[in-house]
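Before any comments, here is the structure.
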């Protein structure tokens, strides 16, 4: 069994909890919603065995990491800044960065904004931001993304997700995997305990609220004659995509060569959104191969 060390780092004045294991080139694992570092429980041992030093934080607002108040604390620039600061915290110039769902979006943005800190990028079921901006204008993807619009409401999303002992959280997790053995009852309890920590649910939903407002400001700048920011990725990139994702259409994996100069796309049929839990062995093989010498 891989021994995990639990520690904390203060980045941009925010205390982040993380787990660390192994020795070698640094790999940073960024989880999604509604998860925490435990989302990578199957990947950490495989990467350590392959010779990597693995760090999996609870992103700001999640589990035992600090939960700064206010939607503005969860803007993308702050989330990306946390990743860069973590790499610096471990006295490294670069790291392999892996992200799933919301962590995947932060991973994309880290590679876009700070490529000098990213050795290689691996993203699991999170759309490239340029491609998503195109797709969200289609009725199909807009319908799939209904929950992101629902999360803009105050308080109601928190009330519904926490009702009946966080049954909504359990439903989201179980619905993310086609494999019925992806989550044990103990796994679900750990996720619920993390989501039930004071302030955690609001903080995690504030990711969506901040992104909506940030995107609205960007569109307004364009309408007023501003220039669009770059979405180009210049680091080697692996995109792993479970094709049975109910929220994100597989077509989001098409045409990424416009923005990503060196990309490999692995589409996994009969696999859901939570691909690293749904098919952990396959994902582990792809990551180790991609990050290997």
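Readers should treat all values here as calculations from the given coordinates under stated rules, not as data from a laboratory. Note that the structure is a prediction, hence the values are computed from the model and not measured. Neighbour counts run over all protein chains shown; Cβ positions are idealised from the backbone, glycine included.
Structure values in brief
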item	result
Residue 136/residue 116 FRET efficiency (R0 25 Å; Cβ-Cβ; nearest 0.05)	0.25
Highest-fluctuation residue, 72, 13, 242 considered, GNM on the chain with Cα pairs under 10 Å	13
Taking 78, 67, 155 and counting other C-beta atoms within 10 Å, the order from fewest to most	155, 78, 67
Residue 179 paired with residue 212, simple spin-label distance in nm, labels 7 Å along Cα-to-beta-carbon	3.4
Gap separating the Cα centres of segment 138-214 and segment 1-78, nearest whole Å	19
In Å, descending, principal axis extents of the Cα set of the chain	52, 47, 42
Whole-number percent relative contact order across segment 5-291, with pairs defined as alpha carbons under 8 Å at least 6 apart	21
FRET efficiency, residue 165 to residue 15 (Cβ-Cβ, R0 25 Å, nearest 0.05)	0.35
DSSP-defined antiparallel bridges as percent of all bridges, segment 5-291, nearest 5	30
Theoretical gain in end-to-end length, residue 265 to residue 8 [0.36 nm per residue, Cα-Cα removed]	89.1 nm
Relative frequency of Cα-Cα separations exceeding 15 Å in segment 243-286, percent	48
